[in-house]
């Protein structure tokens, strides 16, 4: 088998995650989907690093994780605050982007 | 490495702006004097430039400075002045102190306005003026297209606030109305110039792309590009060259302003205070005409020659059209604005006549027009500040109650109609001769502008200054000392340059010659040269 | 010696500067300062004259270059002076008459609180006029040319509180500007043709240039002359110019400035000689104007306007002469000088009359003044005799010569021109007699009237009185001039010899003998006088002007020429500007605003897409990403 | 290992195909589960699978980190929040924005196809394994890179993390504007308002079972939702007290009553003999 399959898998997961982002209203679930997408990317990176035979890909994946962690922390905090204020975790309720 | 004179000339006012802005609200007077001091320092530096500048030196630019800036895009921090730039810088540095003095009280907070500790209009006013000065100076100095473009655009920001933020005290009209019209004018100014600027940006990028394509490494440096063109390393295909030329020219035509892109000027000059109006027409707009000379002609000589007929036509329209509309105005400041449009028509005409007289005259015209308009507009400002109205109909017989004011106003007006003996005559006649020697018809049409100029100036003078004294004018005070200090030197300068413009022409001439050589044009020869005539005799 | 020329101009210029800039402290001494400086410049003129006489006819020309004025590329304009016999004549006339009129004004203006400025302007005028005549190139001449225009503008509008005065001043300047346009175009033509516009090269090289160019230049110069010298079609300003103080009318609008056109044409003789078409135009203008002015002069009841009409027609004579070429130049100048004397004298006389009559200008309110102001009467009378060409007086010699020269043109042309000149002489006799009679003879017709003039000492019944010495003395001197000048000039052709080196001279051969011409002139003269006497001398003059014949009414309205201007130029111009303002506001501005509005509407529609749901934005992002990938793949594919 | 290989070991292939399916299934479950808890759990599953794949790809360090940090920490954080927000709250999957779902499907389809197609035509036959890179040990290799080549990025991410921590604190921390009411004040307020003068019963006390989500009964026998924990109330997770218990209670009292009356009548009979 060729490691490229890992890439196919990654693409698949990424697409699924993106779809989730689009169709789910629950902020937490949306967030999870985002995580899924990130993970898909990581998988791709790791695979690339294997394909090219150097560790830079893994480094990037590593940084992705760190950033993802930070992002999750903030994101969840935001969700909690929103939940407190309007007793709902639906992204559609926060439609104040419209002027 | 020697002292970076050019940078200093631009930096001093910039620093001054920051310093002035930082002055606490209470110390208003201090801020004014500080700003004035900085502007004078700039004037000194500009004078030093003028002295250090050697007209006969070889090479187009002098006092050059060059440092790498953004390597990846070949953007360099390149400064240099030729005879044209150095004169215009001197003009700018000269006018700014007068502008400040004239606007000494324009930005004082109104009586009874809440003493807010944060609100510092005066500081802002003077800081903005200094900021404009800095930007204008550096765009005169920049020989790197990108650098020039940067400040050519950045200039809009302080100007926007100067126009929108400070207007005449509302006379008959209500505060709200004036405020509304003022912001309208400011936005109009911004939009017009931004539009021009954006198109120019496209052209700038295009230029980079072309150079990168043909020279291997893209560059914005005027000298490099010109050199490459001369060596034949750079061969712009006509279509590209014309497109780029139009991109540049459009921006400059808006700034200049050239018909039909002129309509922002009357609003801006009408709503802004007189000093700011002077700043617009006498200083900022000059960058446009100047840039036509430096960039349009030198970067795209072929396209310039290609576009000349159209541009000459537009310039003629501007001349006649502006003059006619000036005749039709009921508002003093708008009248002066349209007069300026007419004059800018002359400048553009001179530039694109592609003769030594035309371009030399145009450059001289920029200087003289700056001074004469400043004189006329500032006196008009004094007049308006006394009566609180811009309508010509509200005046009459001022000459009786305030003879000195009327006198200076008349002199300014006569300069505007380019009476011989005053500076503008020399430049206007040069432009006319230069144009006539290449396009006789155009030259004759342009002379019509002279008659019309006499018409609007004299009508203005007659309606405002002569005749029986009207209500509201009665008891009007004559010029105060501060105002005299502003006007007297300008008038003196007008007289001096009218009688003895040689110092300027000597500096300008070589630069113009260089430009002409870039465009590969030479003056048309007289068909019966003098020497032949004498030989025949 | 050369440097004196500079001083000649500098002296009055200095006076102007001092008087205009120096504050109120000069109010008292101002007039005398001005007069003194005028006198100084006259003195310098005399000195130069003496020096010139000291040299032989050929090398009498003095030239000097003061400094290089505008050097740009091949364009070299210097401030340089050239003083030859022609210039000299003018210098003496200008400074001489100028000084006298300064002196006169001291008395005339003593009640005006702004007289300091008045004298400043007068000095300014002298300086400009002198510069005009001593310049050695056309551009510098142009400076003087516009300078006198400015001075005349300031002086006509001197009583600025009178709207009529302000308007008249503006009109004068504008009409002059039209002429100046011609001059500037002419200069440009010279530059393109000869590469210079200094007198020397241009005039010497004239033949070398093609006739076409020269004709163009000539016509342009003629246009300039028409503007400055109030010739048809640009004559309309002169009548209104009488709004100015009378000394101004005397100096500027009779003696000196209005003759600048004649100077220009004479100076550019070489050009015209080589361009017959232009010459034809010149003589036509001259002939038409001399009749036009004469006719207008017949109908005016305003004494100054009547004189203005006569000025117009006299200058018409000069232009006519100048247009005749070498035959006429000398006589043109000669008539110019003598006219300078007697016309200035007449105006001063008129001024003196007005001075005594509370600035009343309507001749129908005069009458029988000879008893009250004898000196004025005598001097005015001598001037009158001079202008109608009474044998032995100045006008006789100069005008006669012109008429001869006109006939000498030869062919039908000659007959037409000569006839016109002759007719003009007759009409001149008529209207001058009319003025004379209405003013000084007959019964007193003045009664208490509210005179609304500027510096009047209130209204009420005028009690005519002789004017002070400062006013009478100049009148007397000018009277002497107007009596003897012509004689002196003509005795064995002094004047001709004097000017010939500059202008050249050719003796024309009239189809009829000179004597016949003179006789004819005498006849028409007598006829004119007799007719006038019959109409105004025998029966009393009605105080209110009768309706008069159609011609009279037309003449009163300057033969409708002014109305034409008003309707065509003023009204039309107003409409044009107003419509243009509208266009600028709606069209030019409207296009821009329109685009702005449409963009606004578009964005308003786009705004609907912004429903505020993060997820639908996400969709568009995602779609965009997909498109990007597609694009990249395509790029790679091709 | 060899530097450039064309295929992996069969074992890895098998592992890939099995676990890959699991991963996809987990992902789909994440998206489709109604309850966020389930989503979270299935996501965790997917992540663990990915961790395995990392290991298989020679990213040993990352594999461990994936398990420990991601699955261990981050997903737990998720669960935590889910609990906070409502574990049993099942959100409807009904679409509210018109056309959203179709668009989403369309985009997803296009995107996936294009992506895969892209990978497809960019796929390379042979690949350089990590043999040389990992020769000195994977962790050491990474460390060497992180602390030399990527040291700045590393430092910056450190700063980012700290900022994130602080940010989270700032966001979630709620400032107490007035001191908590003491018991005395509470009682006084109750008396003043006259409602529920006696303290509330604990939930579920009188109601025979000790579930914390059952409202307690007030002395008059009516259940009071106020007795239930506010969080539960907020989530609407209150078990409604079925009338049964109350009826039993009523029946008991009835019987007691009857017994009392019945007893008295018997006494009266006994005296009468």
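FYI, it's all coordinate maths here, none of it is from the lab. Bear in mind that the values here come from a model prediction, so they are computed numbers and not experimental data. In this analysis, Cβ positions are derived from the backbone assuming ideal geometry, glycine residues included, and neighbour counts consider all displayed protein chains.
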With runs of 4+ DSSP H residues as the only contributors, calculate the mean residue ellipticity of chain B at 222 nm using -39,500 (n - 2.57) per run, divided by the residue total and rounded to the nearest 500. -23500 deg cm²/dmol
State, as an integer percentage, the relative contact order of chain C based on alpha-carbon contacts under 8 Å between residues 6 or more apart. 12 percent
Residues in the stretch C:41-62 reached by a label modelled at residue C:494 [backbone nitrogen below 15 Å; 7 Å Cα→Cβ]: C:49-50, C:53-54
Would you kindly state how much longer the chain becomes between residue C:568 and residue C:628 on full extension, computed as 0.36 nm times their sequence separation minus their alpha carbon distance, in nm to one decimal? 14.8 nm
At 10 °C and 1.306 mPa s, grab the translational diffusion coefficient of chain B from Stokes-Einstein with a Kirkwood Rh over Cα pairs, rounded to a whole number in µm² per second. 68 µm²/s
How far apart, in nm, are two points set 7 Å out from the Cα along the Cα-to-Cβ line at residue D:151 and at residue C:506? 10.4 nm
Can you sort B:428, B:78, B:133 so the residue with the fewest Cβ neighbours within 10 Å comes first? B:78, B:428, B:133
Rg over Rh [alpha-carbon atoms, Kirkwood Rh] for chain C: 1.15
Please report Rg (one decimal) and Dmax (integer) in Å for the Cα set of the stretch B:228-338. 16.5, 56
Could you tell me the convex hull volume per residue, in Å³, taken over the Cα atoms of chain A? 100 Å³
Just to verify a number: FRET efficiency for residue C:47 and residue B:492, C-beta to C-beta distance, R0 = 35 Å, to 0.05? 0.60
With N set to the residue count of the stretch B:300-525, report its C-alpha Rg divided by 2.2 N^0.38 Å to two decimal places. 1.08
State the extension gain, in nm to one decimal, for the chain segment bounded by residue C:610 and residue C:28, taking 0.36 nm per residue of separation less the distance between their alpha-carbons. 201.4 nm
Would you calculate the separation in nanometres between label points at residue D:98 and residue B:305, each defined as 7 Å from the Cα along the Cα-to-beta-carbon direction? 6.3 nm
Based only on other Cβ atoms within 10 Å, what is the fewest-to-most ordering of C:263, C:372, C:384? C:372, C:384, C:263
Projected onto their principal axes, the Cα atoms of the stretch C:1-140 stretch, largest extent first, over whole-Å spans of 49, 39, 19
Exposure proxy order (Cβ contacts within 10 Å, fewest to most) of D:232, A:51: D:232, A:51
222 nm mean residue ellipticity, helices alone, for chain C (DSSP H n ≥ 4; -39,500 (n - 2.57); rounded to 500): -23000 deg cm²/dmol
Alpha-carbon Rg/Rh ratio, for the stretch B:301-368, with Rh computed the Kirkwood way: 1.06
Average projected area [Cα convex hull, the protein assembly as shown], square nanometres: 88.6 nm²
Reference-scaled alpha-carbon Rg (2.2 N^0.38 Å with N residues) for the stretch C:124-226: 1.23
Can you work out the FRET efficiency for the pair residue C:597 and residue B:179, with r the C-beta to C-beta distance and R0 = 30 Å, to the nearest 0.05? 0.85
Semi-axes, largest first, in whole Å: what does sqrt of 5 times each Cα gyration tensor eigenvalue give for the stretch B:391-515? 34, 20, 8
What is the list of residues in the stretch A:58-89 whose amide nitrogen lies under 19 Å from a point 7 angstrom out from the Cα of residue D:34, following Cα to Cβ? A:89
What ranking, highest mean first, results for peptides C:608-621, B:195-208 when packing means the other Cβ atoms within 10 Å averaged over each residue? B:195-208, C:608-621
Quick shape summary for the stretch D:7-88, equivalent ellipsoid via Cα gyration tensor, semi-axes whole Å in descending order, reads 27, 16, 5
Using only atoms on other chains, find how many Cβ atoms lie within 10 Å of each Cβ of peptide D:140-150 and report the average. 3
In whole Å, how far is the Cα centre of the stretch B:44-88 from that of the stretch B:426-503? 33 Å
Provide the packing ranking of A:7-17, C:562-572, D:70-80, i.e. peptides ordered by the mean count of other C-beta atoms within 10 Å per residue, highest first. A:7-17, D:70-80, C:562-572
How many partner chain Cβ atoms sit within 10 Å of a residue's Cβ in peptide B:500-510, on average, as a whole number? 3
Does anything in the stretch B:322-356 have its amide N under 17 Å from the 7 Å Cα→Cβ label point of residue B:522, and if so which residues? B:354-356
At a Förster distance of 45 Å, what's the computed FRET efficiency of residue B:2 paired with residue B:243, Cβ-Cβ distance as r, to 0.05? 0.70
Under a point spin-label approximation (7 Å from Cα along Cα-to-Cβ), what is the residue D:143-residue C:545 distance to one decimal in nm? 11.8 nm
